[in-house]
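Since the structure comes first, as structure tokens, the remarks are kept for the end.
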Amino acid sequence: MEQATQNRPLTAYDRLGGQPVVRRIVDRFYDLMEADPAYAELRAMHAPDLTPMRASLTGFLTAWLGGPRDWFEERPGLCMMSAHRGVTMTEPTARQWADAMTRAVQDAEADPELAAKMAEALAGMALNMGGVGR
């Protein structure tokens, strides 16, 4: 695990395990989406080649967790919600996304408390996009 420097406090990105763990979460998420029929509707919303999405989500999560902010610097003013503005997310697909991400985070074997908070926050974003809780 990466250590904080004297000038920078330990971030969630550091506590999680940095880039290798973020990449493991993203790969597990998209692997689940591709292989598990429970996520078929969610998978159908995506392009056949998930490589660009894997890279983008890795960059977003890295920055969102307090790691390098390249994703935000390359997309000034954009957030995950605005990036999906044109996507029709239904409650079922939002729940599929939230479930797959929760499983991916849990499978990463990261700090359990941090993983639970991360999964909860990301699931909340997805459910909000799906109109759940509005």
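Read-outs: derived from the displayed coordinates by stated rules, not from any lab. Fair warning: this is a prediction, and the values are worked out from it, not measured in the lab. Cβ coordinates were reconstructed from backbone atoms using ideal geometry, including for glycine residues, and neighbour counts include every protein chain displayed.
Details
- Crossing angle, helix 112-129 versus the chain [Cα axis fit, 0-90 degrees, rounded to tens]: 40 degrees
- In the chain, helices alone account for a calculated mean residue ellipticity at 222 nm of -19000 deg cm²/dmol, with every DSSP H run of four or more residues adding -39,500 (n - 2.57).
- Computed FRET value (nearest 0.05) for A44 with D107, which takes r as the C-beta separation and R₀ as 25 Å: 0.60
- Between 0 and 90°, nearest 10: helix 91-107 axis offset from the chain longest Cα axis: 40 degrees
- Considering only the Cα atoms of the range 13-129, their convex hull presents on average a projected area of 6.7 nm².
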